[in-house]
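Below is one structure, written out as structure tokens; the observations come after it.
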Amino acid sequence: MEFTSLSTPEVKLIAPRRFGDHRGFFEETYNCDQFLAAGIETIFVQDNHSLSSEIGTVRGLHFQAPPRAQVKLVRCGRGRLFDVVVDIRKGSPTFGQWVGAELSFENGLMLLVPAGFAHGFMTLEPDTEIVYKCSDTYAPETEGALRWDDPEVGIDWPLKEIEKKLSDKDLIAPLLSELDTPFTFEDVT
């Protein structure tokens, strides 16, 4: 696997090696030894799988607060999506900044989302599946969200001409200026 730090260095883009032949391909999407060699000591305890039927579906930006904060390892199982993370750690030199990457079945790329970041995505094809590992189990009492279209954050979402499909909960998520973030740069690094 190839591990690349993005402009927010804690966020990693991971490219697994694919071995293909006339039957298709094989790839490892997680290997504890390779992650440890790359300095990633996270233990994953839950796998999630989500299907979004329509193009332009936006899910997020979500996070879980301490003590149940989650690190996520995200990949696209089918279709194509634009995956985004926003640094919400008070005191971080990259607080409020976002990074994003296109993940698809074809490119096989994965994104490591550290604790202290809000995470979301937009589907770029119909029937897109996202598959991800989490370092803690779902704890609804600790879940939080950040507004997907916060102008202060300024995410450059693709598909500007398409009407976005969001949950009622995501439509009313707070702006960054309204968010009482439970994360600090010192506590998470």
Which of these, 156, 168, 127, has the largest mean-square fluctuation under a Gaussian network model of the chain (Cα springs below 10 Å)?
168
Could you work out the equivalent-ellipsoid semi-axes for the chain, taking the square root of 5 times each eigenvalue of the Cα gyration tensor, largest first, in whole Å?
25, 21, 15
Mean separation of Cα contacts under 8 Å (at least 6 apart) over the residue count of the chain, i.e. the relative contact order in percent, is 29
Within the stretch 12-121, list the GluC sites (Glu not before Pro) lying in a DSSP loop whose Cβ has at most 15 other Cβ atoms in a 10 Å radius.
28, 41, 54, 106
Based on DSSP loop calls and a cut-off of at most 12 other Cβ atoms within 10 Å, the longest stretch of the chain free of exposed trypsin sites (Lys or Arg not before Pro) is what?
24-159
Taking placed amide H atoms and a strict 5 Å upper bound, the residues 5 or more places from residue 143 or on another chain that come that close are 65
Shape parameters for the stretch 39-136, alpha-carbon atoms, Rg then Dmax in Å:
13.2, 39
Accessible surface of the chain, 1.4 Å probe, proportion on carbon and sulfur as whole %
51
Would you please name the GluC sites (Glu not before Pro) within the stretch 150-188 that are DSSP coil residues with at most 13 other C-beta atoms within 10 Å of their C-beta?
152, 161, 163
Only helical DSSP H runs with n ≥ 4 go in: add -39500 (n - 2.57) per run for the chain, normalise by residue count and round the 222 nm mean residue ellipticity to 500 deg cm²/dmol.
-1500 deg cm²/dmol
Largest-first ordering by accessible area, 1.4 Å probe, given options 30, 138:
138, 30
Any idea of the accessible area per residue across the stretch 74-189, 1.4 Å probe, to the nearest Å²?
46
Dividing the alpha-carbon radius of gyration of the stretch 3-91 by 2.2 N^0.38 Å, where N counts its residues, gives 1.27
Can you spot the aspartates and glutamates whose alpha carbon is less than 19 Å from residue 165's alpha carbon? Ignore those fewer than 8 places along the same chain.
54, 83, 102, 125, 127, 129, 149, 150, 156
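The values are calculated or read from the model by the stated rules, or taken from the named source; none is laboratory data. Predicted, not measured: the structure shown is a model, and the values here were computed from it. Please note: Cβ atoms are built from the backbone with ideal geometry, for glycine as well, and neighbour counts cover all protein chains shown. With ligands, DNA and RNA removed, areas are computed over all heavy atoms of the protein, side chains included. Shrake-Rupley method; radii C 1.70, N 1.55, O 1.52, S 1.80 Å.
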